[in-house]
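Let me begin by presenting the structure, written as structure tokens, before commenting on it.
Taken together, the values in this text are just the output of simple stated rules run on the coordinates, not laboratory data. Everything numeric here is computed off the predicted structure, so don't read it as measured data. Because the Cβ atoms are built from the backbone with ideal geometry, glycine has one as well, and the counts that use them run over all protein chains shown.
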Amino acid sequence: MGGQRTTGRLLHKWRAQRGFTIVEVLIVLAITGALFVAAAVMISGSQNRAGFNQAVQQLQSQIQQVMNDVSTGYFPNSANFQCSANAGGPVVLSSVGANGQGANAGCIFAGKVLSFQLGTSDPQKYGIFTVAAAQKNAAGQEVTSLATAAPKVVAPGTSSPAGFPDITTTTVLQNGLAVSTHATPSNNMAYNNGGGDVAVGAVAIVPSFASYAANGNITSGSQQLSIIPITGTSLGMDAKPAADAINSNLAASAGSIANPTNGVSICFASGGTDESGLITIGGASHPLSVTLKISEGSKTCGK
């Protein structure tokens, strides 16, 4: 009996020291692997969300900075081009070389144009065009509105000669951020003037022009900005066709749909998460604001 008890104790001790079986090891590895994958997905998702938030908030700040620059008349350029205009236009632009200093006879700085998804090859790229305009109207008087100032962007169009001046700034959105590609264009970028959304691809931010009394003196008044959605533009236009469309439609748009009631909205989709951000420029309640609304579970801003 004593021998049996000794043998039993030795067998129990061997079983206690023998470790895990292959099946048990595989089970542990499977559970550990699943936990690792879940943790990696969670971390990746958090990083993608943080990247999206950073990118869309940075873009909001950049648009607000453009508005501030236009409001203060800030013109960050070496002026290595020449601009001239007779009363009422047209505005004539020409290059003076990389080291030259241009002259501006009868021209004024008339704001900026933001053109999104600039080019079908890169949906993350957008351009900032600079607008020049005639200082005097056809009657030889100082212009009081963009609609009468023959505005033109300082950028080549499809028929511009070689060497045409181009001071367009192009920027690529960060962290995979891109304008939404919803099948309905007005869900991606549009203005709303109290009715339905109307699709556009570019929006101008222009300063107010001075007003004059009957005696020709300038009347006092604070500087104002106008938000002008530009008809005839669409997302995905290359830079030169976009310049043509802006030149052809900016003056008319300024005269008919400046400062739409509900502003101009652009929907930006996240590249790594199921999120989107709706940036709205202007609007009756906040004419000089750039607001942001983030939607989760939608790449089309809930539209």
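Amide H contacts under 5 Å for Ser234: Gly201, restricted to partners 5 or more places along the chain or on a different chain, H placed in the peptide plane at 1.01 Å from N. Determine which aspartates and glutamates satisfy two conditions relative to Lys293: a Cα distance under 19 Å, and not lying fewer than 8 residues away in the same chain. By straight Cα distance, Lys293 reaches Asp197, Asp274, Glu275. Put a dot 7 Å past the Cα of Asn104, heading toward its Cβ, do the same for Gln57, and the two dots end up 3.5 nm apart.
Under 5 Å between amide hydrogens, built in the peptide plane, is the criterion, and for Cys107 it picks out Ala85, Gln135 among residues at least 5 positions away or on other chains.
Calculate one ³J(HN,Hα) per residue across the range 246-256 by plugging θ = phi - 60° into the Karplus curve 6.51 cos²θ - 1.76 cosθ + 1.60, and present them in order as whole Hz with x for glycine and proline. 3J(HN,Hα) across the range 246-256, in whole Hz: 5, 4, 6, 10, 5, 4, 5, 5, 4, x, 10. Amide H to amide H distances under 5 Å link Ser180 with Cys267, Phe268, Ala269, where only residues 5 or more positions off or on other chains count and H is placed in the peptide plane. The gain in end-to-end length when the Thr171 to Val96 segment is fully stretched comes to 24.5 nm, 0.36 nm per residue minus the alpha carbon separation.
In this structure, the residue pairs whose Cα-Cα separation is over 22 Å, taken from Lys112/Lys303; Lys112/Lys136; Lys125/Lys299; Lys125/Lys240, are Lys112/Lys303. Taking other Cβ atoms within 10 Å as a rough exposure proxy, Leu118, Leu250, Leu235 sort from fewest to most as Leu235, Leu118, Leu250.
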